[in-house]
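**Q** Input: one structure, supplied below.
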Amino acid sequence: MKTYDQLTPEQQVKALRRSIDTLLRHICEGAIRFNDELNKDDLQARIDSALAKADKMRTPWFAPEYVFDTCKEDIEALAQGEVETSLFSENNENIICGIID
């Protein structure tokens with residue numbers, strides 16, 4: 001297993017891109033929502049506006065791009081935080097996931 005800092009620059013770019021893509025997919029599916037009042041910002045409002053634009057334009061397949069264009073810095077910061085706290089497996093490693101009580 002490697003930490004983000006142990007990845008090559010190319011692997012870091014790939015990990016960040018995957019994290020951004022996953023985050024955008026979950027946001028567009030409604031699986032992730034942000035509480036603007038609690039967070040004292042307008043991230044969810046901007047996301048909702050971008051999703052509404054995709055609906056209005058009748059191009060729901062562009063929703064992730066609209067969200068990313070509207071909230072780029074926020075999305076990149078969230079994804080960066082995720083990859084910096086993740087572990088990355090190498091090709092020959094078996095991963096066993098489980099919950100320990």
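The values are calculated or read from the model by the stated rules, or taken from the named source; none is laboratory data. Since this is a predicted model, take the numbers as computed values, not measurements. Neighbour counts run over all protein chains shown; Cβ positions are idealised from the backbone, glycine included.
**Q** Restricting attention to region 55-93, and to residues there that are under 22 Å from Gln44 (Cβ atoms) and of a type in the set (Val, Ile, Thr), which single residue is surrounded by the fewest Cβ atoms within 10 Å (Cβ to Cβ)?
**A** For region 55-93, the residue satisfying everything is Thr59.
**Q** Moving on to the next point. Out of all the residues in region 42-77, which are among the basic types (Lys, Arg) and part of a loop (DSSP other than H, G, I, E, B)? Break it down into steps so the answer makes sense when it comes.
**A** To start, the set of residues in region 42-77 that are among the basic types (Lys, Arg) comprises 46, 53, 56, 58, 72.
The one that is among the basic types (Lys, Arg) and part of a loop (DSSP other than H, G, I, E, B): Arg58.
**Q** Sticking with this one: Does Ser19 satisfy the criteria of being at pLDDT below 95 and surrounded by 11 or more Cβ atoms within 10 Å (Cβ to Cβ)?
**A** It is false that Ser19 is at pLDDT below 95 and surrounded by 11 or more Cβ atoms within 10 Å (Cβ to Cβ).
**Q** Could you list, ordered by first residue, the pairs with Cβ atoms under 9 Å in which the first is in region 57-72 and farther than 12 Å from Leu24 by Cβ and the second is among the aliphatic types (A, V, I, L, M), at least 6 apart or interchain?
**A** Listed pairs, sorted by first residue: Pro60/Leu51; Pro60/Ala54; Trp61/Ala54.
**Q** Residue by residue through region 60-85, note down the ones that are at pLDDT below 95 and of a type in the set (Gly, Ala, Ser).
**A** Across region 60-85, there are no qualifying residues.
**Q** Let me ask another. Restricting to region 31-44, what's the tally of residues that are in contact with a helix residue (DSSP H, G or I) (Cβ under 9 Å, 6 or more places away or on another chain) and either exposed (fewer than 12 other Cβ atoms within 10 Å of the Cβ) or touching a residue at least 40 places away in the same chain (Cβ under 8 Å) (or both)? Working first, answer last.
**A** Taking region 31-44 first, the residues in contact with a helix residue (DSSP H, G or I) (Cβ under 9 Å, 6 or more places away or on another chain) are 31-36, 41-44.
Filter once more, keeping what is either exposed (fewer than 12 other Cβ atoms within 10 Å of the Cβ) or touching a residue at least 40 places away in the same chain (Cβ under 8 Å) (or both): 31, 35.
Adding up the residues that qualify gives 2.
**Q** May I ask you to list the residues in region 3-25 that are in a helix (DSSP H, G or I), over 13 Å from the mean Cα position of the chain (by Cα) and among the hydrophobic types (A, V, I, L, M, F, W, C)?
**A** Listed by number, the list holds a single entry, Val13.
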